[in-house]
1. What number of residues within the stretch 9-30 satisfy the criterion of being of a type in the set (Val, Ile, Thr), surrounded by 24 or more Cβ atoms within 10 Å (Cβ to Cβ) and outside any helix (DSSP H, G or I)?
2. Six or more apart or on different chains, Cβ under 6 Å: which pairs go from a residue in the stretch 75-89 that's on the phi > 0 side of the Ramachandran plot to one that's assigned to a loop (DSSP other than H, G, I, E, B) and more than 8 Å from the ligand (Cβ to nearest atom)? Could you list them?
3. Which of the following residues is over 23 Å from Ser137 (Cα atoms) and either more than 14 Å from the chain's Cα centre (by Cα) or charged (D, E, K, R) (or both): Gly90, Gly24?
4. Among the residues of the stretch 50-74, write down those that are part of a helix (DSSP H, G or I) and either touching a strand residue (DSSP E or B) at 6+ places or on another chain (Cβ under 7 Å) or surrounded by 16 or more Cβ atoms within 10 Å (Cβ to Cβ) (or both).
5. Which condition number does Arg47 fail, the rest of (1) among the basic types (Lys, Arg); (2) surrounded by fewer than 16 Cβ atoms within 10 Å (Cβ to Cβ); (3) within 14 Å of the ligand (Cβ to nearest atom) being met?
6. Going by what's in this entry, would Gly163 be described as in contact with a His (Cβ under 8 Å, 6 or more places away or on another chain), exposed (fewer than 14 other Cβ atoms within 10 Å of the Cβ) and farther than 30 Å from Leu242 by Cα?
7. I need the full set of residues from the stretch 132-190 which are among the small types (Gly, Ala, Ser), at negative phi, in a loop (DSSP other than H, G, I, E, B) and touching a residue at least 24 places away in the same chain (Cβ under 8 Å), in order please.
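The values are calculated or read from the model by the stated rules, or taken from the named source; none is laboratory data. On a predicted model such as this, the values are computed, not experimentally measured, just so you know. Glycine also receives a Cβ, built like all others from the backbone with ideal geometry; neighbour counts cover every protein chain displayed.
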Amino acid sequence: MSVLILGATSPIARAVAEEYAADGKSVVLAARNADEAEAIASDIAIRFEVDTFARSFDALDIDEHDAFVASVEDEAGPIEVVLVAFGDMGDQEASEEDFERARRVIDVNYTGAASLSEAVARRMVERGAGSIIGISSVAGDRGRKSNYFYGSAKGAFTLYLQGLRNRLADDGVHVMTVKLGFVDTRMTVDLETPIPIANPAKVGKAIARAQGRGVDTFYYPHFWRGIMGIIKAIPESIFKKLSL
Ligand SMILES: NC(=O)c1ccc[n+]([C@@H]2O[C@H](COP(=O)([O-])OP(=O)(O)OC[C@H]3O[C@@H](n4cnc5c(N)ncnc54)[C@H](OP(=O)(O)O)[C@@H]3O)[C@@H](O)[C@H]2O)c1
């Protein structure tokens, strides 16, 4: 049995991988860049004394996803847990000028994420066991002018995971939606906000623990559930005039 980490160069994904490795699990580190995946896999193997595997994949290579998942299972054994962690915030203003850029954001965060989740889900259903963790975002809870391509793709992924959870509820397969607020990664380097930014190591620990408890939807940091409750309750007539 193995844990598949998709988007292993993300510090959040890496922290989740380390939690499972600390628990003695074999971990497959998959990233776009094969050398980086290899370096992360070697580091985890040495520090945690577990079997690790390095693989390269691209969320945009939809036609290859099924074969990719099959080859991961051939090499590392049945996938017990998959973390769908990759994502691309893109550039909202550039995407407004050039829809190809918007399409890329939609395809990475939604189409690619759903395609890989389906490929893994199919195999988990056959075995009647497994856990799928999808990293979504609070940005998917309400459309905003500052990031609506990314937000809508994450919102679609959130709904996809909700439907998948509903479909697989009687098949022994757990599906967890992680709605992250701000986390200190490449994605937030330019962010200036009075809201506290979470540490990726703490996020990783919280995600692995929540998966172990069989949680369905998980806001982290937890206060984001309250913030988004308020943001979602603002009437559209007022919301459309705000700059959030
Ligand atoms: N940081 C936040 O505040 C925040 C908030 C809410 C949700 N999230 C979500 O958290 C997850 C992790 O992001 P992060 O914050 O850790 O940012 P990050 O360091 O930029 O990680 C993003 C990851 O996605 C991978 N990726 C991008 N496009 C890909 C593609 N076409 N195929 C395969 N992998 C691809 C990147 O790989 P490369 O190394 O090859 O670029 C990287 O591993 C993402 O889903 C993100 O949307 C983050």
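1. Start the filter on the stretch 9-30 by keeping residues that are of a type in the set (Val, Ile, Thr), which leaves 9, 12, 16, 27-28.
In the following step, the residues that additionally are surrounded by 24 or more Cβ atoms within 10 Å (Cβ to Cβ) were identified as 12, 16, 27-28.
Right, trim to outside any helix (DSSP H, G or I) and you get 27-28.
Selection size over the stretch 9-30: 2.
2. What qualifies is Gly77/Met1.
3. After ruling out the rest, the residue left standing is Gly24.
4. Taking the stretch 50-74 as the starting set, the residues that turn out to be part of a helix (DSSP H, G or I) are 62-74.
His65, Asp66, Phe68, Val69, Val72, Glu73 - these are the residues of the stretch 50-74 that are part of a helix (DSSP H, G or I) and either touching a strand residue (DSSP E or B) at 6+ places or on another chain (Cβ under 7 Å) or surrounded by 16 or more Cβ atoms within 10 Å (Cβ to Cβ) (or both).
5. (3) is the only condition that Arg47 fails.
6. Values: in contact with a His (Cβ under 8 Å, 6 or more places away or on another chain): no; exposed (fewer than 14 other Cβ atoms within 10 Å of the Cβ): yes; farther than 30 Å from Leu242 by Cα: yes.
In short, no.
7. Ser146, Gly181
Condition check ((1) over 14 Å from Thr177 (Cα atoms); (2) modelled with pLDDT of 95 or more; (3) of a type in the set (D, E, K, R)) across all residues:
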| site | (1), (2), (3) |
| --- | --- |
| Asn199 | yes, yes, no |
| Arg213 | no, yes, yes |
| Thr217 | no, yes, no |
| Tyr220 | no, yes, no |
| Lys232 | yes, yes, yes |
| Glu236 | yes, yes, yes |
| Lys240 | yes, yes, yes |
